[in-house]
Amino acid sequence: MSTISSVSSISTASSGGGSTSQIASLNKQIQSLTQQVKDLSNDDTLTDEQKSEQEQMLESQIQMVEAQIAQIEQQAAEKAQQKQEAQQPTTESATSAQKADGINRPTDTNQINVYV
């Protein structure tokens, strides 16, 4: 039963720090959970049914930690994309304001005045 209490404390992720440190911490948790699964097979005090239940629980813990890692990576990618997009429109708007091709952006020699 000590396995269950240690698993519940491992499943909580730290909210502070950068995404790299969070991912490293979560990878350590995965390694710890994987080691617990390996140790479970050597435990003679449990029945096969109890081992199976605990193994399933540990595997679900591993999947949850992997999902947390994927979420952190996705958030980091979104932040990077937002940062890139924040920088990109300023350069595009400057170039598009200077570029008047007469089609949708009239030039001095190519304008249409429509009066209805």
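In this structure K28 has an accessible area near 140 Å², from a 1.4 Å probe over the protein heavy atoms. Projecting the Cα atoms of Q88, T45, I69 onto the dipole axis of the stretch 41-93, where Lys and Arg carry +1 and Asp and Glu carry -1 at the beta carbon, places Q88 farthest toward the positive end. Summarising the label geometry, the points placed 7 Å from Cα in the beta-carbon direction at Q87 and S25 lie 2.8 nm from one another.
The values are calculated or read from the model by the stated rules, or taken from the named source; none is laboratory data. Here the structure is a predicted model, which is why all the values come from computation and not from measurement. All Cβ positions, glycine included, derive from the backbone under ideal geometry; neighbour counts span all protein chains shown. These area figures cover heavy atoms from the full protein model, side chains too; ligands, DNA and RNA do not enter into them. Shrake-Rupley method; radii C 1.70, N 1.55, O 1.52, S 1.80 Å.
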